[in-house]
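Derivation of every value follows stated rules applied to the coordinates shown; laboratory data play no part. Note that the coordinates shown come from a computational prediction; the quantities given were computed from them, not determined experimentally. With ideal geometry, Cβ positions are generated from the backbone for all residues, glycine too; neighbour counts draw on all protein chains shown.
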Amino acid sequence: MVFWQGRSKRKPSGARFWPLRKKRAREMGSDPVYTKLSEEVKRKPRRQRSARKTKRVTTITGASHANVNTKDKTQKVKILAVKENPANRHFVRMNVISKGAIIETEAGLAKVTSRPTRDGVVNAILIKKK
């Protein structure tokens with residue numbers, strides 16, 4: 001579904017704004033894409049204006065592994081569960097991974113430092129070892 005992000009038709013007083021032009025394509029928005037914990041990882045490049053494709057992957061609908069940083073090394077580990085998410089309390093039960101989320105991995109608890117939907121990869125810092 002498409003969202004229109006243009007100006008409202010009404011003023012704060014309730015009076016009507018008379019439009020000086022029609023709606024524009026640049027004012028369109030879209031539903032949010034949530035990166036969920038799953039075995040199957042789907043990546044899709046996002047279309048930009050003038051039919052350019054983005055250089056990075058902008059849509060990732062599933063993640064199963066994370067790049068976890070410790071002080072001395074970075075390792076790719078399996079994500080087991082989403083433990084906490086400050087963005088939205090319902091993201092925990094939906095297993096949505098976003099920046100700042102606390103995830104349980106095979107190495108221990110880790111905090112997500114990347115934006116998985118935008119970057120196409122889950123990077124995290126190890127908080128507590130197993």
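For the reader, a short list of remarks on this structure follows.
- Across the stretch 1-126 the C-alpha pair distances fall into 5 Å bins from zero in the proportions 2, 10, 16, 17, 14, 10, 9, 8, 6, 4, 2, 1, 0 percent.
- When the chain is treated as a GNM with alpha-carbon contacts under 10 Å, the residue of Ser114, Ser50, Ser30 showing the greatest mean-square fluctuation is Ser50.
- Net +/- balance of residues flanking Ala87 in space, Cβ distance below 12 Å, scoring K and R +1, D and E -1: +2
- Rounded to the nearest 20 debye, the dipole size of the chain about its Cα centre is 1060 debye, using +1 on the Cβ of Lys and Arg and -1 on the Cβ of Asp and Glu.
- A simple rule links phi to the HN-Hα coupling: the Karplus curve 6.51 cos²θ - 1.76 cosθ + 1.60 with θ = phi - 60°, which for the stretch 86-91 gives x, 5, 7, 5, 7, 5 Hz, with x for Gly and Pro.
- Amide H contacts of Glu84 (H built 1.01 Å from N, under 5 Å, at least 5 apart or other chain): Ile102
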